[in-house]
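Report on the structure given below.
The values are calculated or read from the model by the stated rules, or taken from the named source; none is laboratory data. Keep in mind the model is a prediction, meaning the values are calculated, not measured. For neighbour counting, all protein chains shown are included, and Cβ atoms are generated from backbone atoms with ideal geometry for every residue, glycine included. Protein only, heavy atoms only, side chains kept; ligands, DNA and RNA dropped before computing areas. Shrake-Rupley method; radii C 1.70, N 1.55, O 1.52, S 1.80 Å.
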Amino acid sequence: MKGILNLLAKAKLVELSDDERPAVPAPPAASVAAPSEAVAQRPAELAAAPLPAAGDLPSLAEACADVESESFADIFAGAAIPPSPYPAEKLLRLLDGLRAMDAVTRKAAVLAMDAADDNWQIDDCLRDAELKIAALEEHKSRLAAQMESRERQSAGIVEQIRLTLDEATAAIRQQISELEQLREREVTRAAQETTSVEAGLRAARESVARETRRIDGEIERLREIPNSFRPPAAGQ
């Protein structure tokens, strides 16, 4: 009788009470997780930690001036060499003009010029030459000290570069390790989600198959009524 009432209710010929309505089957236990929920559970940030910033390394081009730009005149002026009545450079030009002579003759010629001219003495040239030699030796020592300082500075800069590279390399390796671990976790999570989805799909198929069999059984059971009581068609 209840089956008949259900058929009449489906045809909207009668109104069923709460007790007469068929029970709605509960959803399967293994429900399929929504993809959006699975994605929401993933890490929000995959960015690695920033690399250590390289320090401000001094520039050798700025730290070391051009040592070849200073003239001899500037070097001698810096050494406060007094003016000479007959500078050494003037005697050198004279000697260059006498290069055709041998050394003994050239010396004798210079001494003769010295004796003939009261405006200068060979001692003036000797004193000027010795002062300028001392000034150049001192300048050369300063250049050697500057070079030693530059070498120490260069070694310090190279060491800073090496340390910065080591720190950056260590940070990159750490980031690679963390990203590999994160990738493994994501692979595991994806496998679990895939298994859950497939299990839910299997459960849904089994549930639909059971319900289909139940409905088919009820249809066969109900067909007994029309098969038994429907009047034969006219002309049969």
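Taking other residues whose beta carbon is less than 11 angstrom from the beta carbon of Glu159, and scoring Lys, Arg as +1 and Asp, Glu as -1, yields +1. For the range 119-236, with all protein chains in place and a probe radius of 1.4 Å, 56% of the accessible heavy-atom surface sits on carbon or sulfur.
For the range 168-236, the solvent-accessible area works out to 82 Å² per residue, with a probe of 1.4 Å and every protein chain left in place.
What the phi angles of the range 157-164 give under the Karplus curve with 6.51, -1.76 and 1.60, with θ = phi - 60°, is a coupling list of 5, 4, 5, 4, 4, 5, 5, 4 Hz, glycine and proline written as x. Taken one residue at a time, the phi angles of the range 136-146 give Karplus couplings (6.51, -1.76, 1.60, θ = phi - 60°) of 5, 5, 5, 5, 5, 5, 5, 4, 5, 5, 5 Hz. Gly and Pro are set to x.
Rounded to the nearest 0.05, what FRET efficiency do Arg183 and Ala203 give with R0 = 30 Å and r taken as the Cβ-Cβ distance? Could you check? Approximately 0.50, to the nearest 0.05. Couplings 3J(HN,Hα) for the range 102-109, derived from phi with the Karplus relation 6.51 cos²θ - 1.76 cosθ + 1.60 (θ = phi - 60°), are 6, 4, 5, 5, 4, 5, 5, 5 Hz, where x marks Gly and Pro. Simple spin-label estimate for Gln153 and Asp102 gives 5.3 nm between the two label positions (7 Å along the Cα-to-Cβ direction from each Cα).
In a fully extended conformation the segment linking Ala191 and Trp120 would gain 15.2 nm over its present Cα-Cα distance, using 0.36 nm per residue. Neighbours of Arg213 by Cβ distance under 11 Å: Lys/Arg scored +1, Asp/Glu scored -1, total -3.
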